[in-house]
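The values are calculated or read from the model by the stated rules, or taken from the named source; none is laboratory data. What you see is a predicted model, and the numbers here were worked out from it, not measured in a lab. We place every Cβ from the backbone using ideal geometry, glycine too, and count neighbours over all the protein chains shown. Just so you know, the surface numbers come from the protein's heavy atoms only, side chains and all, with ligands and any DNA or RNA stripped out. Shrake-Rupley method; radii C 1.70, N 1.55, O 1.52, S 1.80 Å.
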Amino acid sequence: MSANDITNILVCGIGGQGVMTATEILAEAAIAQGHDVKKTEVAGMAQRGGVVTSHLRFGRKVLSPQIEPGTVQVLLGFEGAEALRWSHYLRPDGMALVNTARLVPPVVELGLFEYPDDPTGKMRDAGHRVVAFDAMSIARDGTAGFGVSVDL
């Protein structure tokens, strides 16, 4: 990364998954490396399983926390459908790291939206680089590194 570059990371998921906590940890790591850091969150109905997004930008000098669509280097999706929904924020050489465990949000349970059949497959079909993994199984079974599907 050159001195003038800014790194954009978008973290998305469902309330209760730790989206804001993960973003805070990433921000603290960037600060520890000497970067200027800006972040913003949209929590909405997070406590009820609603959509949560967090924008994180770091570099030599960052003026705004807001990320523009098409400029994200890393999309960290804690839930597959949410990652798909925010994938238009990825830049062409960006990468999505996506949890494949299906966590159906209340808007789907209420019949307001339909859950996509294969969110990560749809992202790949759109030309995005996707690293897909079942974070729930990894956490439950303690099998970090096993069962991870990498498509670079």
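Quick notes on this one:
Conditions tested, residue by residue: (1) in contact with a helix residue (DSSP H, G or I) (Cβ under 8 Å, 6 or more places away or on another chain); (2) under 17 Å from VAL19 (Cβ atoms).
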site	(1), (2)
SER54	yes, yes
LEU75	yes, yes
LEU110	no, no
GLU114	yes, no
LYS122	yes, no
ILE138	no, no
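- Sole residue being under 17 Å from VAL72 (Cβ atoms) and either of a type outside the set (Val, Ile, Thr) or not in a helix (DSSP H, G or I) (or both), chosen from ALA96, ALA101, ALA139: ALA96
- Residue match in the range 77-86 (condition: open to solvent by less than 50 Å² (accessible area, probe 1.4 Å), aromatic (Phe, Trp, Tyr) and part of a helix (DSSP H, G or I)): yes
- Scanning the range 105-123 for residues being at pLDDT below 80 and not in a helix (DSSP H, G or I) gives a total of 1.
- The sole residue among GLU68, GLU24 that is over 21 Å from VAL131 (Cβ atoms), of a type in the set (Asp, Glu) and not in a helix (DSSP H, G or I) is GLU68.
- Pair list, Cβ under 7 Å, 6 or more apart: the range 102-119 residue within 13 Å of ALA83 (Cβ to Cβ) and of a type in the set (A, V, I, L, M), other residue open to solvent by less than 60 Å² (accessible area, probe 1.4 Å) and not in a loop (DSSP other than H, G, I, E, B): LEU103/ILE14
- Among the candidates GLU79, GLU41, the residue that is within 16 Å of MET123 (Cβ to Cβ), touching a strand residue (DSSP E or B) at 6+ places or on another chain (Cβ under 8 Å) and modelled with pLDDT under 95 is uniquely GLU79.
- Hey, VAL62 among the aliphatic types (A, V, I, L, M), crowded, with 21+ Cβ neighbours inside 10 Å and touching a strand residue (DSSP E or B) at 6+ places or on another chain (Cβ under 7 Å) or not: no
- Hey, VAL131 free of Cβ contacts under 8 Å to residues at least 60 places away in the same chain, open to solvent by 30 Å² or more (accessible area, probe 1.4 Å), under 20 Å from GLN17 (Cα atoms) and not in a loop (DSSP other than H, G, I, E, B) or not: no
- Test: residue in the range 28-40 that is touching a Lys or Arg at 6+ places or on another chain (Cβ under 8 Å), over 22 Å from ASP134 (Cα atoms) and acidic (Asp, Glu): yes
- Only listed residue being open to solvent by 60 Å² or more (accessible area, probe 1.4 Å), modelled with pLDDT of 95 or more and not in a loop (DSSP other than H, G, I, E, B), chosen from ILE9, ILE31: ILE31
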